[in-house]
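Any read-out appearing in this document is the output of simple, stated calculations on the displayed coordinates, not a laboratory observation. Since this is a predicted model, take the numbers as computed values, not measurements. Cβ: placed from backbone, ideal geometry, glycine included. Neighbour counts: every protein chain shown.
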Amino acid sequence: MTRNDEMKEVLTNSAFQLGNGIRNLLIVLMAIGVIGFIVGLVSGHSGLAWRALLINTILFGGISTGGLMFSVIMTVTEANWGRPIKRLAESMASFTPFAGILFIILFFGGHHFFEWMDHDKVIHSKAGWLSYPFFVERNVILFIIFMILGWFYLKASVRPDVGLAKRLTQFGNNFANRFIKNYGDQEEEELQSIRITRRLAPFVGIAFALLSTLIAFDWMMSIDQEWFSTMFGVQYAIANMIGALAMLMIFSGFARSRLRLEDYISVNRYHDVSKLGFSACALWTYLIFSQVLVIWYGNLPEETPYVILRMQSHEWGWVFWLIMVLLFIIPFFGLMSRTSSNSVWFSRIIAIDILVGVWLEKYFLIVPSIQENLAAAGHGAAEHGLPGFEYNLYDFAITLGVLGGFLFCALWFLQRIPVVPISDKRFFQVSHH
């Protein structure tokens, strides 16, 4: 079989169509989220609705940027093993513009999270940074920079695949055709794609690190003004990668079985993804330990209450240990053996466990601070303790809505772009090893 014949066969087998049943289900999930948010606003529970939207925007927005970062890592390291799943990772980035819209919506609910929006309550030494106009400006500017860099990187990555698919099988749609305007010689386009992605990848990586740090500092850490940790941004960035890898484990397992890509997303390749998720969970645990260790040996009294509330309080201590089980114990022992990492169905269970864990982690980092602020403002019975974990209908509905939007964007993207990077010569080398 010639390479052209092999490419045609791969394109035909991997053509993805979003079925009406799945599409309608995802639309229903998004509708549930919108209705749940609106009901929360008009029923006197606006704080719960805004809080749920904040948690899920930070979570799924982070996973979408983490997916693009995984593609960037493959480009920078020139790793061959990740070629068959690179496009699956890039599909997650399609949700990033919608995450930006959700963050814009959240600007209008800031008074539900940030006590520093009241000028009389802001800590004087932090007043320069915790200024709401400056808060909005820096978030918008950095998000736009990341979006622009991500778009040009993604366009360069996808362009030669779309052009080659169109030449081989008349592949095309309105969205894909935007990537191949003024398309030239195939060989030149492939070389140009390599040059552009290699040049842009480090800048996308730096923008990812800065954006993750800014979101962690502004949207989570500043809820408790006294809390400060220079490792908090790294923790959020790694959690984004963990969530993206969990999604990638699910997506690659689906693509392997449903799109007939067993020769390319082989058992060894799937094992590599699982092991990368295993190592990311271990790194996340190390970062948690490092933050606690620094507070302990530094004897930092201003940071101790934040940790004690989450680790030793009756209301929240059990949640901390549950998160440790979900994000460390289960992935660590579940993915330790080669057999379990090779198993699509078993690793998919672990991936779902990880996604539940990263959602609960965001809840755990955000909600206790909001509860303390409300109690300090006289909106809670502080003398009887904080409410603690209070999962409610708004959390459930809005989580379903944002999850439905995330999956809809990713699957919509995969339906309009070649699922595999057929123009990458190293992609076909994978199947012969």
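Which order do the peptides 74-84, 103-113, 244-254 come out in when sorted by mean C-beta neighbours inside 10 angstrom, highest first? Before the final figure, lay out the partial values.
Numbers: 74-84: 18.2, 103-113: 15.5, 244-254: 24.1.
Peptide ranking by packing, descending: 244-254, 74-84, 103-113.
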Name the most mobile residue of 207, 410, 375, meaning the one with the largest mean-square fluctuation, in a Gaussian network model of the chain with Cα contacts below 10 Å. 375
Cα→Cβ-extended label distance, 7 Å offset, between residue 140 and residue 391, nm: 3.7
Amide H contacts under 5 Å for residue 300, placed H, 5+ residues apart: none
Calculate for the chain the 222 nm mean residue ellipticity that helices alone would give, adding -39,500 (n - 2.57) per DSSP H run of length 4 or more and normalising by residue count, nearest 500 deg cm²/dmol. -24000 deg cm²/dmol
Within segment 108-198, DSSP-loop trypsin sites (Lys or Arg not before Pro) with at most 11 other C-beta atoms within 10 Å are 181
Once Cα extents along the principal axes in Å is worked out from the coordinates, which option in (1) 98, 56, 39; (2) 68, 47, 40; (3) 75, 45, 42 does it equal? (3)
Which whole-number percent is the relative contact order of the chain (Cα, under 8 Å, 6+ apart)? 33
Estimated dipole of the chain in Debye, rounded to 20 [Cβ of Lys and Arg +1, of Asp and Glu -1, Cα centre]: 1640
Mind checking which helices in the chain clear 24 Å along their axis (Cα) and have mean Kyte-Doolittle hydropathy of 1.6 or more, DSSP H runs only? 20-42
